[in-house]
Amino acid sequence: MAPASVLTHPITRFVARRLLYSAVVLFGVAVVAFALVHLVPGDPVRIALGTRYTPETYDALRSASGLDRPIVSQFFGYLGSALTGDLGVSFRNGDPVTVTLMERLPATLSLALVGMLIALLIALPAGIYAALHEGRLSDALVRITSQFGVSIPDFWMAILLIALFSTTLGWLPTSGYRPLFSDPGGWLRHIVLPALVVGLVAAAIMTRYVRSAVLEVAATGYVRTARSKGLPPRVVTFRHTVRNALVPILTITGIQLATILGGVIVVEVVFAWPGLGRLVYNAVAARDYPLIQGAVLLIAALFLLINLLVDVLYAIVDPRIRLA
């Protein structure tokens, strides 16, 4: 394909528009994140130093963070540094914020992906089965179970799983984290419980959406026509019903994945999981504003990236969206 035709391809134009939209949204998030320091009452540098406060350390940290400059100069300096990947220095320990975030990102990514895999393995068959048996006892059981899963707090579910699999049975560790590539076995043993909590909560939400999406498609005319032609039930279910229900299923999958990547704070705190959620929790407790700002920008960028990927999948699954 020639370069000119690549640039004019509908998917290329579609992605370009979404990237422009994402850049505008990310700029707005940067403005809000920057305003955090100036809208929250109190001097962030004084609060961050706490008992370590001396006039010399105060002036040094204020100068290093750029808070001694005019606010307009601070904003454009912050924005320019963020574009180059420099998100400042942590008030708490003096480490670069970018390095700290990148160290925590693999733990969050692994937890989100494994948790989402568990959620899909539960929600897809359960939602499809409930939709195909609408009004029957099995449908009611699926709906009651999913409502039960939505209603249980994730911290309570985490405590129950720890009590069963760690305290009573002794099969899995109660907390901690091991890097995947340096210790695959340890990583697997430590990720099972937190990923199970994340996956069960997400599955309870997604099952209801999958059921609704399949029911909506199953009531359309072309599905009834396929049945009237005598096509096998499996063909009608997967080729005509489930396939056309993929767009809303992709939507809820993207939302849940972005939510998990944004930081499942309670789960990470309960299992001492060193992810972004626990990092933000500790940063808020310590009033570490550069770290909070950097985490907000990173989470927003991940959210926009997932939305972009979902939009591209829309265009692949449904050509009408690409042409529009």
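Worth pointing out:
- Those residues of segment 103-119 which are surrounded by fewer than 19 Cβ atoms within 10 Å (Cβ to Cβ) and under 15 Å from residue 298 (Cα atoms), in sequence order: 103, 105, 106, 109
- Residues considered: 251, 168, 220, 207. Of these, the only one that is touching a residue at least 24 places away in the same chain (Cβ under 8 Å), surrounded by fewer than 20 Cβ atoms within 10 Å (Cβ to Cβ) and either aromatic (Phe, Trp, Tyr) or farther than 23 Å from residue 299 by Cβ (or both) is 220.
- Those helices (runs of 4 or more DSSP H) lying entirely in segment 77-188 with at least 1 residues modelled with pLDDT of 85 or more and within 30 Å of residue 238 (Cα to Cα): 97-132, 137-151
The values are calculated or read from the model by the stated rules, or taken from the named source; none is laboratory data. Treat the numbers as computed from the prediction; the structure is a model and nothing was measured. Positions of Cβ are generated from backbone atoms using ideal geometry, with glycine treated the same way; all protein chains shown enter the neighbour counts.
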